[in-house]
1. Show the residue pairs meeting these rules: Cβ distance below 9 Å; 6+ apart or different chains; first residue within the range 240-260 and free of Cβ contacts under 8 Å to residues at least 40 places away in the same chain; second residue buried (at least 17 other Cβ atoms within 10 Å of the Cβ) and in a loop (DSSP other than H, G, I, E, B).
2. Taking ARG87, is it buried (at least 21 other Cβ atoms within 10 Å of the Cβ), modelled with pLDDT of 95 or more and not β-branched (Val, Ile, Thr)?
3. Could you tell me which numbered condition ILE82 fails, if it satisfies all but one of (1) open to solvent by less than 10 Å² (accessible area, probe 1.4 Å); (2) over 18 Å from LEU340 (Cα atoms)?
4. Are any residues in the range 211-227 closer than 30 Å to GLU15 by Cβ and in a loop (DSSP other than H, G, I, E, B), and if so, which ones?
5. Could you grab me the full set of residues in the range 37-53 that are over 17 Å from GLY177 (Cα atoms), open to solvent by 20 Å² or more (accessible area, probe 1.4 Å) and either under 19 Å from the mean Cα position of the chain (by Cα) or acidic (Asp, Glu) (or both)?
6. Please give the number of the condition ILE27 fails out of (1) under 18 Å from the mean Cα position of the chain (by Cα); (2) assigned to a helix (DSSP H, G or I); (3) β-branched (Val, Ile, Thr).
7. Would you mention how many residues in the range 67-93 are assigned to a loop (DSSP other than H, G, I, E, B), more than 22 Å from THR324 (Cα to Cα) and without any contact (Cβ under 8 Å) to a residue 60 or more places away in the chain?
8. Consider GLU10 carefully, then state whether it is in a helix (DSSP H, G or I), loosely packed, with under 11 Cβ neighbours inside 10 Å and without any contact (Cβ under 8 Å) to a residue 60 or more places away in the chain.
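The values are calculated or read from the model by the stated rules, or taken from the named source; none is laboratory data. Predicted model only: the values in this text are computed from it and were never measured. Reconstructed Cβ throughout: ideal geometry from the backbone, glycine too, with neighbour counts over all protein chains shown. Please note that ligands, DNA and RNA were not included when accessible areas were found on the heavy atoms of the full protein model with its side chains. Shrake-Rupley method; radii C 1.70, N 1.55, O 1.52, S 1.80 Å.
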Amino acid sequence: MHMQMEYVQELPTPEELKRRFPVSSAIEAIKEKRDEEIAAIFEGKDPRFILIIGPCSADREDAVVDYMHRLAIVQEKVKDKILMIPRLYTNKPRTKGIGYKGMLHQPDIHKKEDMYAGIVAIRHLHTRVVEETGFTCAEEMLYPENHAYLSDLLAYVAVGARSVEDQQHRMVASGVGIPAGMKNPTSGQLDVMMNSILAAQNPQTFIYRGWETETTGNPYAHAILRGYTDNLGNTKPNYHYEDLQLINQMYAEMKLKNPAVIVDCNHANSGKKPREQIRIAKDVMHSRHCNPDLARLVKGLMIESYILGGCQHPGGDTYGLSITDPCLGFEDSEKLIYDLADLL
């Protein structure tokens, strides 16, 4: 039987794409400085708090860049206490395997999927955000092979709840050269997440884009708590004081480098109710205040935020309104950021 696959078009290698769309020396300098600052926070040398904030998915360039400009104004006002790494997620996991898979697949939501155009579009978008706002951003490493298309632009990668058990994701995370957040799986098993951190922090040898590849390990691989789903399909949180204490204990027992937790305030922690993120963020800050060990452990928060609150159907044209999960609107997000700065 023949393979039921059709080769649609050959895609450029990351090296070819980078030659065609190189980054400027100014962008290289911004990335180097931001990488050093973010590493210092994970090492405990910089007391600032990380905020990974932005749309559930980067669905259209105009609205995303507009959002980033608004965020940059707020960042300047809280820069002594908070360092923001905007979410610029251009490839989206689909639980059921169908639906909008992000700008990488479909750079124009009104046209069919075109991954060559998508690869060019996401590189252009990331480049534009750095040039115009000074932000280097976070991506979800949904496809490990694709990280290399953006490796000279990114500040942070997250390995999602459905990917964190996968060996290739763990091995590539060991070599990305920037902090890699490993989410707890949808089942909530914390040992799975902690094992993924252990794998990512250690040297690995594996096949990557046709090469035998070696890494030195990623000392900034760390935990992201995003809540979980029980066997009846109910969402359950894992951001509470007791959860954080347990992770702190697991870090100590496993002797991992740079213990750190980022709490994802949306997803199963909020039951995808975006305004709940406000309460959850403040609850985490209270836990940090109550326990110096947790203040050292919890390095930041992840917030899903866009220009307008809520979401719309994937075919919708409302500017700045998510076409995937519902987000916190910008006005509420701005107020929350100032409140968090006051609590630090």
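1. Close Cβ pairs (under 9 Å, with a partner that is buried (at least 17 other Cβ atoms within 10 Å of the Cβ) and in a loop (DSSP other than H, G, I, E, B)) amount to ASP243/PRO237; ALA252/PRO259.
2. So ARG87 fits the description; yes.
3. The failed condition is (2).
4. Across the range 211-227, the qualifying residues are THR215, THR216, GLY217, ASN218, PRO219, TYR220.
5. Result: ASP46, ARG48.
6. (1)
7. 2
8. no
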